[in-house]
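For reference, the structure is listed below as structure tokens.
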Amino acid sequence: MAETSLTSPFAAQLKSAPDQLVLYGAQAVSRGICRLFARNDIWCLGEMALRNGRRADLMGIDPKGRIVIVEIKVSRADLLGDEKWPDYLDFCDRFYWGLPPELDRSPLENDDYRPDFCGVIVADSYDAEIVRPAPTHPLAAARRKVEVERLARAALRRQLTGLDPDCAPWRGGD
């Protein structure tokens, strides 16, 4: 039987490092979701640290100032093994799972994944689609204000250190 080859420009790297395939998949899903969000005036940052020590894959703000968090999963094992995701719910008004099209979404219908609380976005590196809207569960106004300010400061910090890497030593955590 002939070996199937990958058609990505990173094929050789991915074949030699399977963990990179998962990373590339997460980056692709993130890119598609960011494109969807940008078209809908939702602006987000990747890898945003939360005050409880967790790190959101994507965290953004919609046009009404509501906070959106997306947890990206690109493998069934990662999805089924994630027990930390409920820790994100205290930091957002809406929560989504972000998945590649080929990943089975049926586990997300289970009560353990709180379908009444969580939306689902399917994405690839070019675009995304909301297949289950996330209901809004409003944060307390004081908490939202703190989180929006943290997100804004992180975005400004990242922009400045991207423009002037010499500022990086002065940078605090996100």
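The values are calculated or read from the model by the stated rules, or taken from the named source; none is laboratory data. None of these values were measured; they are calculated from a predicted model. No Cβ is skipped: glycine too gets one built from the backbone with ideal geometry, and neighbour counts run over all protein chains shown.
Residue by residue, here is whether (1) of a type in the set (A, V, I, L, M, F, W, C); (2) modelled with pLDDT of 95 or more holds:
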site	(1), (2)
LYS73	no, yes
TRP85	yes, no
LEU89	yes, yes
TYR113	no, no
VAL122	yes, yes
ALA128	yes, yes
VAL131	yes, yes
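Is there a residue in region 11-33 that is at pLDDT below 95, touching a strand residue (DSSP E or B) at 6+ places or on another chain (Cβ under 6 Å), surrounded by 14 or more Cβ atoms within 10 Å (Cβ to Cβ) and not β-branched (Val, Ile, Thr)?
Yes, region 11-33 has at least one match.
Only residues that are in contact with a Gly (Cβ under 8 Å, 6 or more places away or on another chain) and among the hydrophobic types (A, V, I, L, M, F, W, C): list them for region 70-83, please.
Matches in region 70-83: VAL70, ILE72, VAL74.
Identify all residues within region 150-166 that are at pLDDT below 90 and under 19 Å from LEU58 (Cα atoms); write none if there are none.
Across region 150-166, the qualifying residue is only GLY162.
Taking region 37-49, which residues are surrounded by fewer than 17 Cβ atoms within 10 Å (Cβ to Cβ) and either in contact (Cβ under 8 Å) with a residue 40 or more places away in the chain or touching a strand residue (DSSP E or B) at 6+ places or on another chain (Cβ under 9 Å) (or both)?
Listed by number, the residues that qualify are ALA38, TRP43, GLU47, ALA49.
Considering each residue of region 97-140, count those that are free of Cβ contacts under 8 Å to residues at least 40 places away in the same chain and either touching a His at 6+ places or on another chain (Cβ under 7 Å) or at negative phi (or both), and give that number.
25
List pairs: first in region 50-70 and on the phi < 0 side of the Ramachandran plot, second in a loop (DSSP other than H, G, I, E, B) and basic (Lys, Arg), Cβ under 7 Å, 6+ apart or cross-chain?
Listed pairs, sorted by first residue: ARG54/LYS84.
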